[in-house]
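The values are calculated or read from the model by the stated rules, or taken from the named source; none is laboratory data. Since the structure is predicted, the reported quantities are computational estimates derived from the model, not experimental observations. Note that each Cβ is placed from the backbone with ideal geometry, even for glycine, and that neighbours are counted across all protein chains shown. Accessible surface is based on the protein model in full, side chains and every heavy atom, while ligands, DNA and RNA are left aside. Shrake-Rupley method; radii C 1.70, N 1.55, O 1.52, S 1.80 Å.
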Amino acid sequence: MRPEDAGSDAGSAGPGLRTSSVGPALLVAGIGLVAFAVRVGLSYRAVLGQEFVSFIENDAWYHMRLVDGLIQRFPWRIWNDAYVLHPGGELVNVGPMFDWIVAALALIVGAGSPSPRTVDLVGAFVPPVFGALTVIPVYLIGRDIFSRRAGLFAAVSVAVMPGDILIRSALGFTDHHCAEVLFTTLALLCLVRAMAPERSAANRTRYALAAGMSLGTYLLTWGGGALFVAMVTAWGGLELIVARLRASDGRLIPLVVAPAFIVAAIMIAPWFNTRPSFEYSLLALGGGCAGLLALYALGTLTLRFSRGLTLYLSVIAVTILVVGIVALMAGPLSIEGLRGELQRMSPWRSAGYVTEATPLLRSQDWRPFPLWNQFTGSLVLALFALPAVTGRSVRDGRVRLLLVWGAVSLIATVGQVRFAYYLAVSVALLAGYACDVMLSWRFLDHPYAKANAVLLLTAAIAAPGAPRLYQQAGANSSLSPDWFDALQWIRSNTPEPYSDPDAYFTGAGAENEGYGVMTWWDYGYWVTRIARRPPNTNPRQTQVMDVADFYLSTEPERARELLDEFEAKYVIADASLAISATRRGEVGGFFPYIATVGGRDPGSYCQLYRVPPREDDRPVLYCFPEYFQTMAIRLYAFGGRAVTPTRVWAIDVDASAPGLRPLVRRERSFRSYEEALQFTEADPSGRWRVASKDTKATPIPLEALTGLTRVYQSFGREGRDGPAQVQIFEYRRVPQAVALR
């Protein structure tokens, strides 16, 4: 049997399966339960292993903050939030649909008045439910395009893939990505069914409208949803061009795509003025619909001319050129702006500090084999099936739709590895088809041989990802009890930032009121949701360079100026601000990233050196006086107190010694910083410098900080005698006369 003929019967069910719909339905339900169990088990300990629900990843906390507002004012959503940034607040950057769904479910479960614990539990369980539901449209797409057996294997594949599609639908990962996958897959399913050759006109219209509803729901979920609109438009254009090359009119495309785009546009039109992404989505829907209708009309018109095909292709080329020039000259993006947008998706740019936006070439998913960590065994099967599926696309527009979506998703994934959760659907469907092809080989005609092959293929899909899932299942919560207690303390023991008692639920803080909490950007949404106070930066990294400037300040006057400028009343310092040496001989902690964001060289604060002889050959971390003078370390390590060192070290650094790291040849100790400094400055070689290999022991005297008083420190400590893991300082403006003393 040829690969392209495998599973051509939509009722093909494989060994032991009946052609009725009951058996496959039960199998799909079972696969969905497996998908749900895997997603819950993956992060159960991290999310529900403490007295509070600890959501995964920063954005989940902000979604739950928006859900808090919806619970009180459903269905009115916050669009401008004073609690996400101070001063001035910030526009909400996420669509409302995901938050509406979570809030509505919480209200139903809580009988109209859910407790905070109920809201958190519902929010935590929504992602695995969405992940499990995604199994259904994946199965149906595979069944409709290829065969029932292919659909079942595709469902298994998408259920257990260990990459982003699983992680972003795990328990507690309450972000909109799981909804993106579900709604786009539903839209694909509806388009596939609308394009079925045997479909009646009434059913075709019904599925086209359903595709529009799925697409509209998706566009209300993610601001970048114009990507999917562009994909459908590209596929529709390809179909019309193929139809014209075959001298047919291609009327099926406008009959399917135009109603879908119109329904989606109607759904998002009421929210047109709430955020710019809806404007882009409406523009994409209107432009895509108009472009496809114009392309259809052009194809129909040129059929009447003897050299109509040449005219058709020429008009398309000229139109693309003219539209591109006009867009650059009169559109919202200048050439520089367009260059900036393309740079964001460039596969060669640096990794940056947002892991999910890392280009594939810079990510861990590039090794040991590109995207192996995302899809494991399904990737190999998908590559095996790709030539045969490409051959089928010549005669089936639904297969071309699948390939276009896979190609667009792949391009997006190369630019930002997080988009692998879109690509996963295409990979799963191709893997399902590969399994169907293999089970159609004649030497597997015996029932027992086929049954064993089914087990082997299932194992090939599921087993390679098991070690990664096991490793992820052992992860601890990112929000420690120390941080949770500290944030609860802020909420209970600091004044409300705004006079309106409902400000947290409405997001509307008065402009002449309020204060900020100075913290690093990773913790901004924690401060917003748990402490219910506005941070001075957040995971969108707004004002992050100024916050980095504060934490890196070695001059207290400059630090106070920044606190005054950003109206900060409290400052948080925690253990992650300090630098550390990991067991693998690398640098840990946030400090190197803070230094880079602030435009400083991390090596000017601390460096790893070789110090022979050492049995384990691990490098030793030495930090210099500039490190201990920063606000981050003065607050965290010393609580803002005055410190006088009793023993100071100087090291003889040989940067020219062979090896990957500089070499420390000698050390000398002194009774004071002044003695050590005098010695290093008198050395003619210039190789000696003052340093400390204890990141909590300063070699340079530090004066007490004025205006900052520690008002809270957590019970947990770094080591037996180390500083408290989380500390909170209250800032009071220092009179100029006192500051100048």
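Computed values, structure above
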{"quantity": "Residue within segment 545-553 that is in contact (Cβ under 8 Å) with a residue 40 or more places away in the chain and within 17 Å of Ile728 (Cβ to Cβ) present", "calculated": "yes"}
{"quantity": "Scope segment 57-101; condition closer than 19 Å to Gly172 by Cα and either of a type in the set (Phe, Trp, Tyr) or open to solvent by 50 Å² or more (accessible area, probe 1.4 Å) (or both); matching residues", "calculated": "Glu57, Trp61, Tyr62, Phe98, Trp100"}
{"quantity": "Residues (open to solvent by less than 20 Å² (accessible area, probe 1.4 Å) and assigned to a loop (DSSP other than H, G, I, E, B)) located in segment 602-636", "calculated": "Tyr605, Phe624, Thr630"}
{"quantity": "Test: Leu70 is without any contact (Cβ under 8 Å) to a residue 24 or more places away in the chain and among the hydrophobic types (A, V, I, L, M, F, W, C)", "calculated": "no"}
{"quantity": "All positions within segment 247-261 that are touching a helix residue (DSSP H, G or I) at 6+ places or on another chain (Cβ under 6 Å) and either outside any helix (DSSP H, G or I) or at positive phi (or both)", "calculated": "Asp249, Gly250"}
{"quantity": "Complete set of residues in segment 222-236 that are open to solvent by 10 Å² or more (accessible area, probe 1.4 Å), outside any loop (DSSP other than H, G, I, E, B) and without any contact (Cβ under 8 Å) to a residue 60 or more places away in the chain", "calculated": "Ala226, Thr233"}
{"quantity": "Residue match in segment 144-158 (condition: within 28 Å of His63 (Cβ to Cβ), open to solvent by 10 Å² or more (accessible area, probe 1.4 Å) and either of a type outside the set (S, T, N, Q) or touching a residue at least 40 places away in the same chain (Cβ under 8 Å) (or both))", "calculated": "no"}
{"quantity": "Single condition Gly686 does not satisfy, out of (1) over 25 Å from Glu565 (Cβ atoms); (2) in a loop (DSSP other than H, G, I, E, B); (3) in contact with a strand residue (DSSP E or B) (Cβ under 8 Å, 6 or more places away or on another chain); (4) small (Gly, Ala, Ser)", "calculated": "(3)"}
{"quantity": "Check on Phe443, in contact with a helix residue (DSSP H, G or I) (Cβ under 8 Å, 6 or more places away or on another chain) and either of a type in the set (Lys, Arg) or surrounded by fewer than 22 Cβ atoms within 10 Å (Cβ to Cβ) (or both)", "calculated": "yes"}
{"quantity": "Residue count for segment 34-82, restricted to those that are acidic (Asp, Glu) and part of a helix (DSSP H, G or I)", "calculated": "2"}
{"quantity": "Residue pairs meeting the criteria (Cβ under 8 Å; at least 6 apart or on separate chains; first modelled with pLDDT of 90 or more, in segment 569-597; second of a type in the set (Lys, Arg))", "calculated": "Tyr570/Arg533; Ala578/Lys696"}
{"quantity": "Breaking point among (1) surrounded by fewer than 20 Cβ atoms within 10 Å (Cβ to Cβ); (2) within 22 Å of the chain's Cα centre (by Cα), for Pro539", "calculated": "(1)"}
{"quantity": "Condition check for Val597: buried (at least 18 other Cβ atoms within 10 Å of the Cβ), closer than 25 Å to Asp485 by Cβ, within 32 Å of the chain's Cα centre (by Cα) and among the β-branched types (Val, Ile, Thr)", "calculated": "no"}
{"quantity": "Residues satisfying the stated conditions in segment 428-465, i.e. in contact with a Ser or Thr (Cβ under 9 Å, 6 or more places away or on another chain) and more than 18 Å from Ser147 (Cβ to Cβ)", "calculated": "Ala460, Ala462, Ala463, Pro464, Gly465"}
{"quantity": "Helices (runs of 4 or more DSSP H) contained in segment 460-573 and holding at least 2 residues in contact with a strand residue (DSSP E or B) (Cβ under 9 Å, 6 or more places away or on another chain) and within 24 Å of Met64 (Cβ to Cβ)", "calculated": "481-493"}
{"quantity": "Among residues of segment 500-546, those that are under 15 Å from Asp59 (Cα atoms) and of a type outside the set (A, V, I, L, M, F, W, C), counted", "calculated": "13"}
{"quantity": "Condition broken by Phe278, with the remaining ones in (1) under 20 Å from Arg193 (Cβ atoms); (2) in a helix (DSSP H, G or I); (3) at pLDDT below 90; (4) not polar (S, T, N, Q) satisfied", "calculated": "(1)"}
{"quantity": "Within segment 303-320, considering residues that are closer than 22 Å to Gly287 by Cβ and either open to solvent by 80 Å² or more (accessible area, probe 1.4 Å) or of a type in the set (Val, Ile, Thr) (or both), the one modelled with the lowest pLDDT", "calculated": "Ile320"}
{"quantity": "In segment 102-120, residue farthest from Leu70 (Cα to Cα) [restricted to those that are out of contact with any Leu (no Cβ under 7 Å at 6 or more places or on another chain) and crowded, with 18+ Cβ neighbours inside 10 Å]", "calculated": "Asp120"}
{"quantity": "Residue satisfying condition, being basic (Lys, Arg), within 26 Å of Tyr139 (Cβ to Cβ) and either free of Cβ contacts under 8 Å to residues at least 24 places away in the same chain or part of a helix (DSSP H, G or I) (or both), within set Arg206, Arg244", "calculated": "Arg206"}
{"quantity": "Neighbours by Cβ (under 9 Å, 6+ apart or cross-chain): first from segment 703-728, closer than 14 Å to Asn493 by Cβ and part of a loop (DSSP other than H, G, I, E, B); second open to solvent by 20 Å² or more (accessible area, probe 1.4 Å) and modelled with pLDDT of 90 or more", "calculated": "Ser714/Ser480; Ser714/Pro481; Ser714/Asp482; Ser714/Asp485; Ser714/Trp489; Ser714/Gln725"}
{"quantity": "Ala451 part of a helix (DSSP H, G or I), open to solvent by less than 50 Å² (accessible area, probe 1.4 Å) and over 30 Å from Phe183 (Cβ atoms)", "calculated": "yes"}
{"quantity": "Counted residues, segment 174-207 - those being at pLDDT below 95, open to solvent by 10 Å² or more (accessible area, probe 1.4 Å) and hydrophobic (A, V, I, L, M, F, W, C)", "calculated": "3"}
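Per-residue answers, yes or no, for (1) over 21 Å from Thr537 (Cβ atoms); (2) touching a Ser or Thr at 6+ places or on another chain (Cβ under 6 Å); (3) free of Cβ contacts under 8 Å to residues at least 24 places away in the same chain; (4) open to solvent by 40 Å² or more (accessible area, probe 1.4 Å):
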{"site": "Pro481", "(1), (2), (3), (4)": "yes, no, no, yes"}
{"site": "Ala486", "(1), (2), (3), (4)": "no, yes, no, no"}
{"site": "Pro501", "(1), (2), (3), (4)": "yes, no, yes, yes"}
{"site": "Glu511", "(1), (2), (3), (4)": "no, no, no, yes"}
{"site": "Thr519", "(1), (2), (3), (4)": "no, no, no, no"}
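Each row is one residue, and each column tells you yes or no for (1) open to solvent by 40 Å² or more (accessible area, probe 1.4 Å); (2) in contact with a helix residue (DSSP H, G or I) (Cβ under 6 Å, 6 or more places away or on another chain); (3) not hydrophobic (A, V, I, L, M, F, W, C).
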position: Phe369; (1), (2), (3): yes, no, no
position: Phe375; (1), (2), (3): no, yes, no
position: Leu381; (1), (2), (3): no, yes, no
position: Ala385; (1), (2), (3): no, yes, no
position: Gly397; (1), (2), (3): no, yes, yes
position: Ser409; (1), (2), (3): no, yes, yes
position: Ala412; (1), (2), (3): no, yes, no
position: Gly415; (1), (2), (3): no, no, yes
position: Ala420; (1), (2), (3): no, yes, no
